[in-house]
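Beneath this line is the structure, given in structure tokens, with notes to follow.
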Amino acid sequence: MSKGKRIVILGAGFGGLACANLLRESLSSEHQITVFDKKDYFLMGFVNLWILNGKRTFEGSKTPLSNLKSKGISFLQDEIISINPAEKVITTVRQNHEYDYLVIALGTEYAPEKINGFVENGGFNLYDVEHIPQLRKGILAMEQGRIAICITSYPYKCPPAPYEASLLISDILVKNGTRNNIGIDVYCPASISLPVAGPKVSQDVINLLDKKHISFHPSHKLKTVADRNSLEFECAGNGKEFVDYSLLIGIPPHVSPLVAKRSGFIKDGQNWINADRFTLRTEHENVFAIGDITEIKVNQAVSIPKAGIFAEGQAKVVSQQIIGQIKDKACNSKFDGKGFCFMETGESKAGYIDTNFYDEEGPITSLYPPSEESYRKKIDFEKTRLKDWLLPLP
Ligand SMILES: Cc1cc2nc3c(=O)[nH]c(=O)nc-3n(C[C@H](O)[C@H](O)[C@H](O)COP(=O)(O)OP(=O)(O)OC[C@H]3O[C@@H](n4cnc5c(N)ncnc54)[C@H](O)[C@@H]3O)c2cc1C
């Protein structure tokens, strides 16, 4: 058995934390596991929605990444600026680090500046947790008008999240006594609400919006935020449309972290790292890529969605391969394309979405009706992961 390997994990998000902990559980302390992140805390994406509806606060929802130390995992807060797979070295703002195995789990970045006028005219980014407390204040302060929620492009993380946000915002307004005076409109460039899930589930989602009188506008691509009151959309086959709004919430274009492109992991004509659909290996020896930074094509039209549950599933497969290699044992672990999530619908209920992207007959997604049980499972989903990944052992 080979001794003392250096395993470096870039990114302490969903995929990176799952991978680091799974490795630590199976590898003895002679093997170093080091996680890098520019942030010093972890916060699960869907907690944005709980901060939005007042169930949580931003500060109260952060878990320090320094807790990794109590799990026997090193954490370095630093920004990765380049990866050199030929030399097996990564470079951060502070120094170089050598590795034997590398897992790239750097997620996505947002590019709201790609939408003319979005930033200048005060659009809120639903996916940036730092925007959420101010967004909540804005919603509570409104007495009348229209809230526009715009999906600006694909792919974006957790496809149901903008629809969940619209349902929760409706509840906030009802509680605030302003719902009757405020319209909620959701716009998306596609002809159905969830292209990745297909027409049936897309219609199920629209039915949920209808029940709360939320208007859905398919085939609307946000072109320009002309001023603080006017949006310009490009509508498929129908030219331009101008719409008034009072408060703008965007799901901005997603782009891969610059370091991946700069280091040659993203080729011309690609937007994300292409990793093997079963093993998550890149073309470089002992370098894996998992989670949102990857594009894993299922067929011509569909790729694995950007969601934590897939990053976690891929982390399992990658950790098993690294453990197998280090312990010199055969490993047949393969990513199975399966995942699930809980789509919150308000009033402490959530629908359950179940998916299998690698089914032989083609991708399958089902949405089960909202229940209090699924909502409780969503709360548990966060709790168990925080405990497994970041809370000190009792
Ligand atoms: C509102 C919302 C709701 C969501 N709901 C769900 C849900 O219900 N279920 C679900 O499965 N998923 C959900 N998601 C999606 C989920 O959060 C992401 O898909 C998941 O976090 C992806 O994991 P990852 O490890 O690929 O990337 P991330 O978790 O984004 O982690 C990437 C990490 O890399 C770090 N990083 C990036 N660049 C650098 C650099 N150059 N140097 C150092 N560090 C860097 C970042 O700081 C970050 O911590 C939701 C997301 C949002 C925004």
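Coordinate-derived values only; no laboratory data. Quick caveat, the model's predicted, so the values are computed rather than measured. Note that we place each Cβ from the backbone using ideal geometry, even for glycine, and neighbour counts take in every protein chain shown.
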Highest-MSF residue in the chain out of Pro64, Pro305, Pro162 [GNM, Cα springs under 10 Å]: Pro64
Quick check: the distance between the Cα centres of the range 155-193 and the range 310-328, to the nearest angstrom? 38 Å
As an exercise, identify the trypsin sites (Lys or Arg not before Pro) in the range 80-175 lying in DSSP coil whose Cβ has no more than 13 other Cβ atoms within 10 Å. Arg94
Quick check on the chain: what does the Kirkwood estimate of hydrodynamic radius come out to from the alpha carbon pairs, in Å? 22.0 Å
Does anyone have the angle between helix 14-26 and the longest principal axis of the chain? Alpha-carbon axes, 0 to 90°, nearest 10? 30 degrees
Determine, for Glu120, Glu232, the number of other Cβ atoms within 10 Å of each Cβ, and report the residues in order from fewest to most. Glu120, Glu232
Just want the ordering: Asp328, Asp292, Asp359, from fewest to most Cβ atoms lying within 10 Å of their own Cβ. Asp328, Asp359, Asp292
Note: probe point = Cα of Ser82 + 7 Å toward Cβ; backbone nitrogen < 18 Å; residues of the range 292-333 passing the test are none
Show which aspartates and glutamates lie in cross-link reach of Lys71 when reach means a straight Cα distance below 13 angstrom and same-chain residues fewer than eight apart are skipped. Glu25, Asp388
Mind pulling the angle between the C-alpha long axis of helix 199-211 and the longest principal axis of the chain? Nearest 10 degrees, somewhere in 0 to 90. 50 degrees
Amide H partners (placed H, <5 Å) of Phe216, local residues excluded: Val186
Where a ≥ b ≥ c are the square roots of the eigenvalues of the C-alpha gyration tensor, would you call the range 278-394 rounded, which needs a/c under 1.5, or, failing that, prolate if a/b is larger than b/c, or oblate? oblate
Relative to the longest principal Cα axis of the chain, at what angle does helix 132-141 sit, 0 to 90 degrees, rounded to 10? 10 degrees
Report the charge-dipole magnitude of the chain in Debye, nearest 20, computed about the Cα centre from +1 at each Lys and Arg Cβ and -1 at each Asp and Glu Cβ. 720 debye
Rounded to the nearest 20 debye, what is the charge dipole size of the range 171-264 about its Cα centre when +1 sits on each Lys and Arg Cβ and -1 on each Asp and Glu Cβ? 320 debye
Would you grab the residues whose amide H sits under 5 Å from the one on Gly183? Only those 5+ places off in sequence or on another chain, please, with H modelled 1.01 Å from N. Gly145, Arg146, Ile147
Of Lys69/Lys157; Lys306/Lys327; Lys5/Lys261; Lys62/Lys383, those spanning more than 22 Å from alpha-carbon to alpha-carbon: Lys69/Lys157; Lys306/Lys327; Lys5/Lys261
Which of the GluC sites (Glu not before Pro) found in the range 292-374 are loop residues per DSSP with 10 or fewer other Cβ atoms within 10 Å of their Cβ? Glu360, Glu361
Going by a ≥ b ≥ c, the root eigenvalues of the Cα gyration tensor, does the range 107-218 fall in the rounded group (a/c under 1.5), the prolate group (a/b larger than b/c) or the oblate group? oblate
Are there any trypsin sites (Lys or Arg not before Pro) in the range 256-340 that are in a DSSP loop and have at most 16 other Cβ atoms within 10 Å? List them by number. Lys267, Lys329, Lys334
With springs only between Cα atoms under 10 Å, which of Leu27, Leu168, Leu17 fluctuates most in a Gaussian network model of the chain? Leu27
For Leu258, Leu102, which order do you get if you count the other beta carbons within 10 Å of each Cβ and list the fewest first? Leu258, Leu102
